[in-house]
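The values are calculated or read from the model by the stated rules, or taken from the named source; none is laboratory data. Source: prediction; values computed, not measured. Counting neighbours? That spans all protein chains shown, and the Cβs are built from the backbone with ideal geometry, glycine included. The protein model used for the area step is the full one, side chains on, heavy atoms only, and it has no ligands, DNA or RNA in it. Shrake-Rupley method; radii C 1.70, N 1.55, O 1.52, S 1.80 Å.
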Amino acid sequence: MRQKVVIANWKMNYDFHETTSFIRNFLKIVFERKINHNKKIIISPSFPFLHISNQILQGTTLNIAAQNIHHKDKGSYTGEVSAYMLKSIGVQNVILGHSERREFFFEKENILLEKIKIALKYNFNIIFCVGESSLERSNNKQFDIVKTQLKETVFHCTSDEVKSFYIAYEPIWAIGTGETATIEQAQTMHEFIRSLFFDKYGKNISDKVSILYGGSINDLNAKNLFSQKDIDGGLVGKSSLELEKLLKIIQS
Ligand code: PEP
């Protein structure tokens, strides 16, 4: 069975106190309500709070992820943070290729591939995001776009390396907009992505790769989305900032 995964992407939101008290409350409720743990739960706070978050989560089955890394491991890159550094504080997961990184920080496939290589060098698991804009979808280009995004990045990896990936399908028009992809749009794209993994790496890997949906998931739509056969969980932005909503999404 494929791993079910929920990732809370907090983006540039919570400060130190908000981050630590959220995680402490979250843990308390997860244990009190005996929320089952057979899914992977990953919380992704901002860089300054990764260390303390990791310390709070020690001894639990919950994990943290960085929201980005630089594409080199060391050097004169003022203001940047590397996989080498994050590894030293116990971070094991990183989100790469998020559409906000692509849009606001001009990250293109060639840089993303370098980031992937560095992340793999330090044994990170990679949550790799793909997805089309609304214009691309209205021109029926969504499948070409996603295929190219994967072909120029993830598909440069060996079948051994690709086991370290979760793929997040995040249609850009659904991120932070309140507009979710329909169940059919999401399932069709997830099935397509799985077929690309099949063509490139074969059945064993395509059966196992977890493909997450992201884009305005909330406590009301999560269950329907997650019940689709190729949707293995979610990458959640806004709704992950509210404790009860996040818990409901995890229970979905
Ligand atoms: C995201 O940014 O990864 C995301 C899915 O955001 P939201 O849930 O707010 O649409």
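Annotations
- Taking all protein chains into account, the per residue accessible area for the chain stands at 48 Å² (1.4 Å probe).
- The chymotrypsin sites (Phe, Trp or Tyr not before Pro) of the range 75-164 that meet both conditions, a loop assignment by DSSP and at most 12 other Cβ atoms within 10 Å of the site Cβ, are Y77, F105, F106.
- Positive minus negative residues near S240 (Lys, Arg vs Asp, Glu; Cβ under 12 Å): +1
- Radius, Kirkwood style, for the range 166-252 when every pair of distinct Cα atoms is counted (Å): 13.0
- Placing unit charges on the Cβ atoms of the charged side chains and taking the dipole of the range 4-251 about its Cα centre, the candidate lying farthest along the positive direction among N25, Q187, G79 is N25.
- Probe 1.4 Å - accessible area at D73, Å² to nearest ten: 40
- Taking all protein chains as they are arranged and a probe of 1.4 Å, the heavy atoms of I183 leave approximately 50 Å² accessible to solvent.
- About the Cα centre, charge dipole magnitude for the range 128-252 (Lys/Arg +1, Asp/Glu -1 at Cβ), debye: 160
- Volume per residue of the C-alpha convex hull in the range 4-251, rounded to whole Å³: 121
- Here the contact order of the chain, divided by its residue count and restricted to Cα pairs under 8 Å and six or more residues apart, works out to 20 percent.
- Estimated vicinal HN-Hα couplings, Hz - the range 174-191 in sequence order (Karplus 6.51, -1.76, 1.60; Gly, Pro = x): 9, 7, x, 9, x, 9, 8, 4, 5, 4, 5, 4, 5, 4, 4, 5, 5, 5
- Cut-off under 5 Å, modelled amide H: who pairs with E107 long-range: R102
- Under 16 Å from the Cα of K200 - lysines, other chains or at least 8 residues apart: K147, K151, K163, K208
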